[in-house]
Amino acid sequence: MNVKNNQELFDLNTFKIKSVAKYFVVVKDIDELKQAVDFAKQNQLPVFVLGGGSNILLSDEGVNGLVIKMEIKGITFLSSLRDFPEPNFSTAQLVEPLKNLAQENHDSLVSSKTIQVIASAGEIWDDLVKQTIEKGLYGLENLSYIPGTVGASVVQNIGAYGVEVKDVIDWVEVFDIKTSKIKKVTGNFCDFGYRDSIFKKSEGKNLIVIRVAFNLQKNGKLKTDYKDIQEYFENKSFWITSSQAPRKDDSKAIVDDEKLCFSSSLRKKKNFLSFLRAKRNFLLFLREVERSETTKQSSVFCPFVRLCERSEAIQRFLFFCSSLRAKRSNSENPKTTLKELRNAIIKIRKNKLPDWKKIGTVGSFFKNPIVTEEQLNKLLEKYPELPHYKSGVSDIPQFKIPLAYILDKILELKGIKEGNVGLYENQPLVLVNFGNATFEEIKNFAQKIQKKVKQETGLDIDFEVVEW
Ligand SMILES: Cc1cc2nc3c(=O)[nH]c(=O)nc-3n(C[C@H](O)[C@H](O)[C@H](O)COP(=O)(O)OP(=O)(O)OC[C@H]3O[C@@H](n4cnc5c(N)ncnc54)[C@H](O)[C@@H]3O)c2cc1C
């Protein structure tokens with residue numbers, strides 16, 4: 001075990017805050033984790049578990065304790081739930097299951113409908129999602145392209161496009177800092193809520209997630225009813241070529257996509273309308289990425305393109321036809337595959353969210369407010385167009401209100417910037433560090449937003465990010 005002093009954390013948090021860990025250690029297996037926890041106990045240090053650092057707000061003064069960077073890896077696909085010894089959950093008993101389980105690598109997927117996938121906490125979340133989709137397993141696809149690690153996905157109960165990770169979790173294996181023992185706990189024990197779990201509360205703070213078991217389906221149903229996904233599939237060409245067109249780094253992939261679509265339609269010539277639609281996509285896209293390298297390579301089509309471009313009326317008519325067709329085919333024949341849905345979600349997310357590898361961000365900084373029916377009715381009197389969705393399974397109806405709507409349409413704060421901090425232009429729920437922002441600056445800015453929302457709507461909004 002190699003404990004470092006005063007480790008810089010700038011590159012280890014996506015908010016890009018300059019901070020230092022007083023003590024820092026990377027753990028790659030359970031023995032190292034035990035040693036690290038022993039070190040913290042001996043030196044009376046608080047423990048901070050770090051995954052991908054994509055949901056933490058670090059103090060400028062540094063982290064006064066031992067930061068344990070979780071890098072325990074491993075993914076196992078169990079062919080059948082029967083292959084796995086049933087744990088006794090009633091007492092959440094202390095177990096030593098790691099050695100036994102490591103040998104149980106059932107990488108062959110057989111007849112059972114449910115496949116259990118066991119992933120270690122240090123695995124990159126999106127690598128896991130990708131692997132499950134490659135194996136044709138349903139359950140994690142809507143959570144594609146969320147940054148971070150498997151361990152933190154449980155802590156945060158990550159969610160996107162109508163799915164939360166709790167929906168597919170069977171059990172979680174945790175290391176108890178107090179006892180230095182490992183135990184398995186169920187979803188019920190985890191007390192999942194909206195971006196919340198027991199691991200964020202005082203009762204669960206001493207638990208480090210080490211492995212998670214997901215029950216995934218071999219023949220599942222895709223969840224595509226979320227507005228953004230619907231819009232994407234209903235009118236893919238428009239989406240790609242609209243003002244929301246992906247930024248430069250995506251242009252190659254999209255150009256390739258569109259070229260493929262265009263040339264395959266040319267080859268088949270089975271369906272005139274789809275051929276026209278493909279051509280239309282291609283033309284629109286050419287305009288959008290005129291200066292891109294890849295587009296220049298497609299000069300073989302240029303004379304044809306120029307000719308067609310002259311007739312705006314035909315263009316508009318073709319576009320109308322293609323929209324109608326896309327809508328009809330989507331509702332009548334929803335043949336979207338797991339991979340297509342993942343690709344769609346990746347494109348939607350790249351378009352809507354900042355690239356965390358380049359811009360300081362933690363994604364949604366705030367949680368969407370949840371209100372009672374009475375609160376909702378009052379709000380609707382004032383803002384009749386306020387979107388709202390039924391939330392949770394409690395007997396008393398609750399409603400989630402998209403905070404992005406309040407920030408954008410009611411408070412008109414989308415894209416505002418104060419010094420080094422601001423709200424992202426495409427998604428106001430996302431707070432951005434434009435460079436060198438400190439903890440103080442970010443917190444002050446966020447508190448101002450909280451105040452404005454309270455003054456205007458009476459709603460209290462909470463941080464989604466975890467403060468260290
Ligand atoms: C651009 C962007 C988009 C995002 N989109 C989404 C989204 O769509 N949906 C969503 O839910 N989130 C989203 N997030 C937030 C973030 O990706 C998730 O919360 C993610 O799960 C954090 O993972 P991490 O490994 O980076 O956690 P970290 O930031 O390292 O840690 C987060 C918290 O979890 C604790 N923790 C980490 N690992 C463990 C462990 N093994 N055991 C116990 N505690 C642990 C940490 O101590 C900390 O308190 C987004 C973030 C960014 C930057």
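Go through region 164-176 and count every residue that is more than 10 Å from the ligand (Cβ to nearest atom) and closer than 17 Å to LYS223 by Cα. The qualifying residues number 3.
Mind listing whichever residues of region 177-200 are away from the ligand (no atom under 11 Å from the Cβ), without any contact (Cβ under 8 Å) to a residue 60 or more places away in the chain and either under 20 Å from MET70 (Cα atoms) or among the aromatic types (Phe, Trp, Tyr) (or both)? Matches in region 177-200: LYS178, CYS190, PHE192. From the list ALA446, ALA404, ALA437, the lone residue that is under 22 Å from VAL163 (Cβ atoms) and either aliphatic (A, V, I, L, M) or touching a helix residue (DSSP H, G or I) at 6+ places or on another chain (Cβ under 8 Å) (or both) is ALA404.
Every residue, every condition in (1) surrounded by fewer than 16 Cβ atoms within 10 Å (Cβ to Cβ); (2) among the polar types (S, T, N, Q), yes or no:
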position	(1), (2)
LEU380	yes, no
GLY392	yes, no
ILE396	yes, no
PRO402	no, no
TYR405	no, no
LEU413	no, no
ASN420	no, yes
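A count restricted to region 425-451 and to residues that are free of Cβ contacts under 8 Å to residues at least 40 places away in the same chain and assigned to a strand (DSSP E or B) stands at 1. How many residues does region 72-94 hold that are at pLDDT below 95 and not in a strand (DSSP E or B)? Final tally of qualifying residues: 15. Looking only at region 452-464, residues that are over 9 Å from LYS367 (Cα atoms) and not in a helix (DSSP H, G or I) come to 3 in all. Looking at GLY422, GLY363, just one residue is without any contact (Cβ under 8 Å) to a residue 40 or more places away in the chain and part of a strand (DSSP E or B), and that residue is GLY422. Comparison of GLY392, GLY458, GLY419 shows that the only residue that is at positive phi, touching a strand residue (DSSP E or B) at 6+ places or on another chain (Cβ under 9 Å) and not assigned by TED's automatic domain parsing to the domain that holds PHE10 is GLY392.
The residue of region 360-384 that is nearest to the ligand (Cβ to nearest atom), among those that are over 16 Å from the mean Cα position of the chain (by Cα) and β-branched (Val, Ile, Thr), is ILE370.
Taken together, the residues in region 201-215 that are touching a residue at least 40 places away in the same chain (Cβ under 8 Å) and closer than 17 Å to THR186 by Cβ amount to 7. The residue that is nearest to the ligand (Cβ to nearest atom), among those in region 150-163 that are of a type outside the set (Gly, Ala, Ser) and assigned to a loop (DSSP other than H, G, I, E, B), is ILE158. Condition first: at pLDDT 95 or above, within 21 Å of LYS357 (Cβ to Cβ), more than 21 Å from the chain's Cα centre (by Cα) and aliphatic (A, V, I, L, M). Can you find one or more residues in region 398-416 that meet it? Checking region 398-416: not a single residue is at pLDDT 95 or above, within 21 Å of LYS357 (Cβ to Cβ), more than 21 Å from the chain's Cα centre (by Cα) and aliphatic (A, V, I, L, M).
The values are calculated or read from the model by the stated rules, or taken from the named source; none is laboratory data. Fair warning: this is a prediction, and the values are worked out from it, not measured in the lab. Note: ideal-geometry Cβ built from the backbone for every residue, glycine included; neighbour counts use all protein chains shown.
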